[in-house]
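Visitor: I have a structure here, written as structure tokens, and I will follow up with some questions on it.
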Ligand SMILES: Cc1cc2nc3c(=O)[nH]c(=O)nc-3n(C[C@H](O)[C@H](O)[C@H](O)COP(=O)(O)OP(=O)(O)OC[C@H]3O[C@@H](n4cnc5c(N)ncnc54)[C@H](O)[C@@H]3O)c2cc1C
């Protein structure tokens, strides 16, 4: 008979840890270790001693309590959601990675409260796409999103969660009523702006360094059913940013009862960052070649302003007129404005089809050296000159989407 060899207990973890009931869910096999030692960026490799697949919040509490109390062999703990970080933020050398997604096997961790104070209670391990689908069953949805929805609630709330809705509602971390957090001492603390507010503010955008989010209470709004989704092309960066800034300034102040847009983003179009890229294919073949020839014949860089206006059966008859009014006077290249009419879900989930295409070509699982920057308004023209029209124009191998959009400091 061949005996299956047990992997030895990692030397960086105290032996006493094995006596906890939770230790049955600690994995030291090579699959678990390899999954937890890399991330979407594929720029860092950090090897943990073990991975915990928690069955409950209590498992996490017991692990953290033990680590806090353990002076013999101190070890670190990192929460991991989808692992879509770029530089090892959800990893820990020689410690324990808590694979939050294991909690998802417990059903019922997305609970919509439909009373006057609309909100949803969500497990930190839940994917935003699942939150969207569940809340839509009640005709409501969160209001602030990321471009891509297959990320965990705990993961984006530990960063910021920024997208085209942030100018209006703030990033996702500005759209949280309450959190349950397992602190570094292994206590479960409920916190909000008014209760344990220091912890609340530290954990939001805290990269998992101030505790592990096990529940978030997220505000909801009545969900629209459809979206007018528009892209406009610009030659001139100053016209592009001026129009972007104008559009985010309307936000309810547009006069004539104008509510403003629901989403404003923008991107660069170059021969290596073409108008249709993996994030979404928007342009017909004919439009695509029109834009590409403009790019090739005259200009190395074009700018694409992207906006969306939500609507439903109540606003169906007025949405086009409102949108026309909002876009009147913008300085895009005449004729280079393109509109799509899509469902709310298809709009929010727009990156998914590109992801599936890349996956099918084996191109999702490659290094992603991404960078996110906030550039002050006072230096954005220098940035355009130096980076977009300098470095990027001269480079023949900088491939990939480049997003550029303004944010209101007050949000
Ligand atoms: C294709 C793609 C598109 C993206 N688009 C956007 C975008 O539009 N806007 C945007 O803001 N971001 C975007 N991101 C970045 C994304 O928000 C972050 O990478 C986020 O961390 C991903 O969540 P995750 O579940 O993969 O977290 P992980 O990478 O697993 O973890 C991220 C950090 O959060 C910590 N963490 C994870 N779960 C918890 C928890 N429950 N409690 C406490 N800490 C925790 C980890 O320790 C780590 O520090 C995008 C990423 C990808 C891959």
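The values are calculated or read from the model by the stated rules, or taken from the named source; none is laboratory data. What you see is a predicted model, and the numbers here were worked out from it, not measured in a lab. A quick note on method: Cβ atoms are made from the backbone with ideal geometry, for glycine too, and the neighbour counts reach across all protein chains shown.
Visitor: On the basis of being within 29 Å of residue 235 (Cβ to Cβ) and either modelled with pLDDT of 95 or more or over 27 Å from the mean Cα position of the chain (by Cα) (or both), does residue 330 make the cut? Give the steps one after another, and end with the answer.
Guide: Values: within 29 Å of residue 235 (Cβ to Cβ): yes; either modelled with pLDDT of 95 or more or over 27 Å from the mean Cα position of the chain (by Cα) (or both): yes.
Considered against the rule, which asks whether it is within 29 Å of residue 235 (Cβ to Cβ) and either modelled with pLDDT of 95 or more or over 27 Å from the mean Cα position of the chain (by Cα) (or both), residue 330 comes out as yes.
Visitor: Scan region 344-361 and tell me whether some residue there is farther than 25 Å from residue 133 by Cβ, modelled with pLDDT of 95 or more and either surrounded by 12 or more Cβ atoms within 10 Å (Cβ to Cβ) or over 18 Å from the mean Cα position of the chain (by Cα) (or both). It would help to see each step written out before you state the result.
Guide: So in region 344-361, the residues farther than 25 Å from residue 133 by Cβ come out as 361.
Remaining after also requiring modelled with pLDDT of 95 or more: none.
Within region 344-361, not a single residue is farther than 25 Å from residue 133 by Cβ, modelled with pLDDT of 95 or more and either surrounded by 12 or more Cβ atoms within 10 Å (Cβ to Cβ) or over 18 Å from the mean Cα position of the chain (by Cα) (or both).
Visitor: Testing residue 308 on (1) touching a helix residue (DSSP H, G or I) at 6+ places or on another chain (Cβ under 7 Å); (2) more than 16 Å from the ligand (Cβ to nearest atom); (3) part of a strand (DSSP E or B), one condition comes back false. Which one is that?
Guide: (2)
Visitor: Within the bounds of region 131-139, is there any residue that is within 12 Å of the ligand (Cβ to nearest atom) and out of contact with any strand residue (DSSP E or B) (no Cβ under 6 Å at 6 or more places or on another chain)? Lay out the reasoning, then the answer.
Guide: Applying the first criterion (within 12 Å of the ligand (Cβ to nearest atom)) to region 131-139 yields none.
Within region 131-139, not a single residue is within 12 Å of the ligand (Cβ to nearest atom) and out of contact with any strand residue (DSSP E or B) (no Cβ under 6 Å at 6 or more places or on another chain).
Visitor: What number goes with the only condition from (1) more than 28 Å from residue 223 (Cβ to Cβ); (2) in contact with a helix residue (DSSP H, G or I) (Cβ under 6 Å, 6 or more places away or on another chain); (3) crowded, with 20+ Cβ neighbours inside 10 Å that residue 291 does not pass?
Guide: Result: residue 291 fails condition (2) only.
Visitor: Then there's this: I'd like to know if region 150-163 contains one or more residues that are more than 9 Å from the ligand (Cβ to nearest atom) and either out of contact with any helix residue (DSSP H, G or I) (no Cβ under 9 Å at 6 or more places or on another chain) or not assigned by TED's automatic domain parsing to the domain that holds residue 267 (or both).
Guide: Initial filter on region 150-163 (more than 9 Å from the ligand (Cβ to nearest atom)): none.
No, that holds for no residue.
Visitor: When you check residue 191 against the structure, is it part of a helix (DSSP H, G or I), more than 7 Å from the ligand (Cβ to nearest atom) and not assigned by TED's automatic domain parsing to the domain that holds residue 61, yes or no? Spell out how you get there, then give the answer.
Guide: Numbers: part of a helix (DSSP H, G or I): no; more than 7 Å from the ligand (Cβ to nearest atom): yes; not assigned by TED's automatic domain parsing to the domain that holds residue 61: yes.
Criteria not met by residue 191.
Visitor: Right, next: Hey, among the residues in region 77-98 that are within 11 Å of the ligand (Cβ to nearest atom) and over 17 Å from the mean Cα position of the chain (by Cα), which one's surrounded by the most Cβ atoms within 10 Å (Cβ to Cβ)? So that I can check it myself, show each step before the final result.
Guide: Filtering region 77-98 for residues within 11 Å of the ligand (Cβ to nearest atom) gives 77-92, 97-98.
Within this subset, residues satisfying the condition of being over 17 Å from the mean Cα position of the chain (by Cα) are 77-78, 91-92, 97-98.
Values: 77: 22, 78: 21, 91: 22, 92: 22, 97: 26, 98: 29.
Among residues in region 77-98 that are within 11 Å of the ligand (Cβ to nearest atom) and over 17 Å from the mean Cα position of the chain (by Cα), the one surrounded by the most Cβ atoms within 10 Å (Cβ to Cβ) is 98.
Visitor: If you don't mind, another one. For region 97-175, give me every one of the helices (runs of 4 or more DSSP H) that falls completely inside it and has 2 or more residues that are modelled with pLDDT of 95 or more and within 25 Å of residue 54 (Cβ to Cβ).
Guide: 128-136, 153-157
Visitor: Then there's this: What is the one condition in (1) surrounded by fewer than 19 Cβ atoms within 10 Å (Cβ to Cβ); (2) in contact with a helix residue (DSSP H, G or I) (Cβ under 7 Å, 6 or more places away or on another chain) that residue 195 does not satisfy?
Guide: Result: residue 195 fails condition (2) only.
Visitor: Quick check on my filter: what residues within region 209-253 are within 16 Å of the ligand (Cβ to nearest atom) and out of contact with any strand residue (DSSP E or B) (no Cβ under 9 Å at 6 or more places or on another chain)?
Guide: 209 - this is the single residue of region 209-253 that is within 16 Å of the ligand (Cβ to nearest atom) and out of contact with any strand residue (DSSP E or B) (no Cβ under 9 Å at 6 or more places or on another chain).
Visitor: Write out, first by first residue and then by second, each pair whose Cβ atoms fall under 6 Å of each other, whose residues are 6+ apart or on separate chains, and whose first residue, in region 371-389, is more than 13 Å from residue 301 (Cβ to Cβ) while the second is part of a helix (DSSP H, G or I).
Guide: These pairs meet every condition: 375/383.
Visitor: Let me ask another. Just to be sure before I move on: is residue 254 touching a helix residue (DSSP H, G or I) at 6+ places or on another chain (Cβ under 8 Å), modelled with pLDDT under 95 and in the same structural domain as residue 340 (by TED's automatic domain parsing) in the structure I sent?
Guide: Working: touching a helix residue (DSSP H, G or I) at 6+ places or on another chain (Cβ under 8 Å): yes; modelled with pLDDT under 95: yes; in the same structural domain as residue 340 (by TED's automatic domain parsing): yes.
It is true that residue 254 is touching a helix residue (DSSP H, G or I) at 6+ places or on another chain (Cβ under 8 Å), modelled with pLDDT under 95 and in the same structural domain as residue 340 (by TED's automatic domain parsing).
Visitor: Report, by residue number, each residue of region 14-55 that is over 23 Å from residue 72 (Cα atoms) and not in a loop (DSSP other than H, G, I, E, B).
Guide: 30, 31, 32, 33, 34, 35, 36
Visitor: Something else: Restricting the search to region 1-41, which residues are modelled with pLDDT of 95 or more and farther than 20 Å from residue 100 by Cα?
Guide: none
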